[in-house]
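The values are calculated or read from the model by the stated rules, or taken from the named source; none is laboratory data. A quick note: this is a predicted structure, and the numbers were derived from the prediction, not measured. Here the Cβ positions follow ideal geometry from the backbone for every residue, glycine too, while neighbour counts run over all protein chains shown.
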Amino acid sequence: MHFMKRAASWAVVFAVVSVFSTAVRAEDAKTPAELTKTIDEAIALLEAKSYKPLLERLVSPKDKEKMKEEGFDKIAEKFAGEKAEFLLKALKFVKTQTPAISDNATLATYSLKEINSDRPLVLQKVEGTWYLRN
């Protein structure tokens, strides 16, 4: 009888572990690896206060053309401070979330309501690379 109770207990443990493992894998499958890598790179650049390389990495090619007039150095200076702090906070938060991915898998939208922002964080995939769309 004791053996049966022990076997039943282990069966429950294995079932819970199996369900948990499946749930984690399913959630990971919803966030493309390249997107996770982009978020990790952006967090590292923000923590290093490397704003110009951050902007060069996260700004889409189309938007980079528009920004050339003002120059990345000036834009990076303006970005330092509150904007950089908020983006770092937002990226660290979304790293723990699953994005809403568009049907064509080119937009990833994260709600930021939990960190008191009405604007979502949106990343867009352009020619295989993820960029910040906000």
Inset, instruction - Only residues that are under 16 Å from ARG119 (Cβ atoms) and either among the hydroxyl-bearing types (Ser, Thr, Tyr) or exposed (fewer than 11 other Cβ atoms within 10 Å of the Cβ) (or both): list them for the stretch 62-91, please. - result: GLU82
Legend entry - Tabulated pairs, the stretch 106-134, first assigned by TED's automatic domain parsing to the domain that holds LEU58, second loosely packed, with under 12 Cβ neighbours inside 10 Å and hydrophobic (A, V, I, L, M, F, W, C), C-beta under 9 angstrom, 6+ apart or interchain: LYS125/ALA105
Inset, instruction - Looking only at the stretch 37-84, count how many residues are β-branched (Val, Ile, Thr), within 17 Å of ARG133 (Cβ to Cβ) and within 17 Å of the chain's Cα centre (by Cα). - result: 3
Inset, instruction - Having 2 or more residues that are in contact with a strand residue (DSSP E or B) (Cβ under 7 Å, 6 or more places away or on another chain) is the bar; report the helices (runs of 4 or more DSSP H) wholly within the stretch 34-134 that clear it. - result: 82-94
Inset, instruction - Go through the residues of the stretch 17-35 one by one and say whether even a single one is among the charged types (D, E, K, R), at pLDDT below 90 and under 15 Å from ARG133 (Cβ atoms). - result: no
